[in-house]
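Input: a single structure, listed below in structure tokens.
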Amino acid sequence: MHTTSGTGPLIDVIAGARPNFMKIAPILRALKTRQAAGSPLRVRLVHTGQHYDERMSGDFFRQLGIPDPDVNLEVGSGTQAEQTAAIMVRYEQLLLNARSALCLVVGDVTSTMACAIAAQKLRVPVAHVEGGIRSGDWGMPEEINRLVTDAITDWFFTTSEVANANLRKAGVADERIFFVGNTMIDTLLANRAQFRAPAFWSERGLREGQYFVMTLHRPANVDDSQGFANLLRAVGQAVRGLPVVFPVHPRTAKTLSALPDKPAGLLLVDPQPYLEFNYLVQHARGVITDSGGVTEETTVLGVPCVTLRDTTERPETVTIGTNELIGTDPAALKPALDRLFAGQWKKGGVPDKWDGRTGERIAELLERLLGEGRAPAGSRR
Ligand code: UD1
């Protein structure tokens, strides 16, 4: 970011995997604005390299105006433990060479947890953006990442009252919880006017409200080829002949390529860049997904969303937004989409503070917390 020189407190902003990139963009922008106004805070952008394909990483940096990382740890693929270990070893080395004043992590991916552990063990305080959310499902690697990260986080920047309540229940003092809103929604609102149709939109004759968008990448849905084939068949039977645009995540592509018959009615495309993906979502009849972040975006865009999971760490997308959890049994898809076609889907509203100003709130708090030299939690334990 070219802001690592100077003497003010240095903040490591950590990004590793696709869903991190939309969360860091508004924070970096707000910090830059404060720097221009004289803030002493310095930023070191650290990419762990967990996602490395252009389509999973580079495209997002370019479209969202994120500067090139100051450091790339280039860890690449591996098992959960291999990735965690590689990130910890490399990030620890970075901190030993050039210590920062704060490690700011976002979301719930492996990079989030691994950097938090490496930092806290060296007594570099940790701030967690999107702290406190819980699915209660320990079968999801993300839930383990959330639990571990939050156990050693000093300052929590939260997206919802439910997250605040989860943290209080876990014994976190109020003075460490900052309800700031949702940085992913900052990015959505800031880029909404630039959403654009992908090239295949006209080639494939897609029309507004006349197709579905689907994303699937959770191991529970895509790793078993028989289960995955059943799921795709159920989708085909529930969408009444409308095309289903299916950007295929690399994990999903592996299972898909091994299926003997390719399911009909699916428009298989590469992972889409941000502006194209959200154009597709905004104009879809509905979205079928197992992602968490997508349910937040559909909530704000007011698009019906069917989630193929039993639990969610983002309950406000269901209680307030347009999202509905139908579980992982493919048989539940048809009745849900029948209600959608009958015009019976809820309209939904937008949760508190999902207003496009969260990055600014975080930057202001960081300046205050680091400027005051406020003691991180660990020093009092
Ligand atoms: C990760 C996150 C998940 C997030 C998802 C979004 C964790 C535990 N999970 O899952 O929360 O919703 O990203 O995409 O961190 N691969 C590539 N190119 C890449 C990146 C990955 O081909 O740029 C391949 C890997 O080799 C691997 C698979 O995709 O086989 C999965 O990647 P991985 O980073 O392990 O986790 P995700 O399933 O992407």
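The values are calculated or read from the model by the stated rules, or taken from the named source; none is laboratory data. Being a predicted model, the structure only gives us computed values, none of them experimental. Note: areas computed on protein heavy atoms with side chains; ligands, DNA, RNA excluded. Shrake-Rupley method; radii C 1.70, N 1.55, O 1.52, S 1.80 Å.
Here are a few things to note about the model shown:
- Region 189-301: radius of gyration over Cα atoms, expressed as a fraction of 2.2 N^0.38 Å: 1.04
- Once the Cα-Cα distance is subtracted from the 0.36 nm per residue extended length, the L267 to A85 segment shows a gain of 61.8 nm.
- Hull-based mean projected area of region 69-145, where the convex hull spans the alpha carbons, in square nanometres: 5.3
- Accessible surface area normalised per residue over region 15-140 is 39 Å², counting heavy atoms of protein chains with a 1.4 Å rolling probe.
- For L28, the accessible surface of its heavy atoms amounts to roughly 10 Å² (probe 1.4 Å, protein chains only, rounded to the nearest 10).
- Rounded percent of accessible protein surface that carbon and sulfur make up, region 232-381, 1.4 Å probe: 51
- Heavy-atom accessible surface of region 175-302, averaged per residue, reaches 39 Å², computed with a 1.4 Å probe.
- Averaging 1/r across all pairs of distinct Cα atoms in region 105-225 and inverting the result yields a Kirkwood radius of 16.9 Å.
- Percentage of interatomic Cα-Cα distances in the chain larger than 27 Å: 47
- A probe of 1.4 angstrom, applied to the heavy atoms of all protein chains, finds C103 with accessible area near 0 square angstrom.
- Heavy-atom accessible surface of W345, to the nearest 10 Å², is about 20 Å², with a 1.4 Å probe and all protein chains retained.
- Across the protein chains, with a 1.4 Å probe defining accessible surface, the residues S202, S225 rank S202, S225 from largest area downward.
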